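As C-alpha cells, the structure follows; a few thoughts come after it.
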Amino acid sequence: MDAIDDLRKEYELAFMLSVPEEEAELEKALLGAKAEIRSRRALAQVRLAYPIKKQNTAYFGAWKFVALPSAVQTLRGVLGTRPQVLRFLLVADVFERQVPAPVPVKSEVRENIETPKPAKTRARAKTQVLSNEALEEKLVEILK
C-alpha cells in the first residue's frame, strides 16, 4: 500500500454548482475514485458577473483532496458531463509544499565582484556677485 501512497498527489477542486444538492454527487464521484478529502470550504451562494448556462447565481465550493493521477483524469470527465456543474477548476495543489531556503553565496565569490565606482561630478564654479560698475567694466574688457 506504501507504493500506491507514494503515487498519490494533493489536488484542489473549486466548483460552481447550479443546485446545492449536486455537492453530494460530487462527493460520491470523489469517493468512487478512491480519493481522500482533506478539507472543504462550505458552499456559498454567489452572484455571477455574467450568466453561465442561463444562471445568474451559483453555489461555490472548494475541496482539497489526495488521489491518484489516473483517478483525477476520470474525475475530470465526470465533472465535465454533469449539467449541474457550471464551472470547475481542478489543479495539483503545489502551494502547500515547502520551498527550500536560498543557498547563501560564498564570501570569496562576493570579493571578486567589482563594485561600481560613483560617477565623477563636475564641481560648479562659484559665481561672484558683481556690482553694476564691476559688471560694466567686465563687459568693456570682453568687448575690446
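Readers should treat all values here as calculations from the given coordinates under stated rules, not as data from a laboratory. All values reported here derive from a predicted model rather than from experimental measurement. As a convention, Cβ positions derive from the backbone with ideal geometry for all residues, glycine included, and neighbour counts pool all protein chains shown.
So which residues in segment 48-58 are within 17 Å of ALA14 (Cα to Cα) and more than 24 Å from the chain's Cα centre (by Cα), if there are any at all?
Within segment 48-58, ILE52, THR57, ALA58 qualify.
Given the options LEU43, LEU31, name the one that is without any contact (Cβ under 8 Å) to a residue 24 or more places away in the chain and either farther than 18 Å from LYS9 by Cβ or surrounded by 12 or more Cβ atoms within 10 Å (Cβ to Cβ) (or both). Walk me through it before giving the result.
On the way: LEU43 fails: without any contact (Cβ under 8 Å) to a residue 24 or more places away in the chain.
Exactly one of LEU43, LEU31 is without any contact (Cβ under 8 Å) to a residue 24 or more places away in the chain and either farther than 18 Å from LYS9 by Cβ or surrounded by 12 or more Cβ atoms within 10 Å (Cβ to Cβ) (or both), namely LEU31.
Quick one: in segment 3-28, of everything that is without any contact (Cβ under 8 Å) to a residue 12 or more places away in the chain and hydrophobic (A, V, I, L, M, F, W, C), which residue is farthest from LEU79 (Cα to Cα)?
Going through the qualifying residues, I end up with ALA3.
With the requirement that a residue be surrounded by 18 or more Cβ atoms within 10 Å (Cβ to Cβ), among the aliphatic types (A, V, I, L, M) and under 14 Å from LEU31 (Cα atoms), what does segment 51-70 give you?
Hit for segment 51-70 is ALA67, nothing else.
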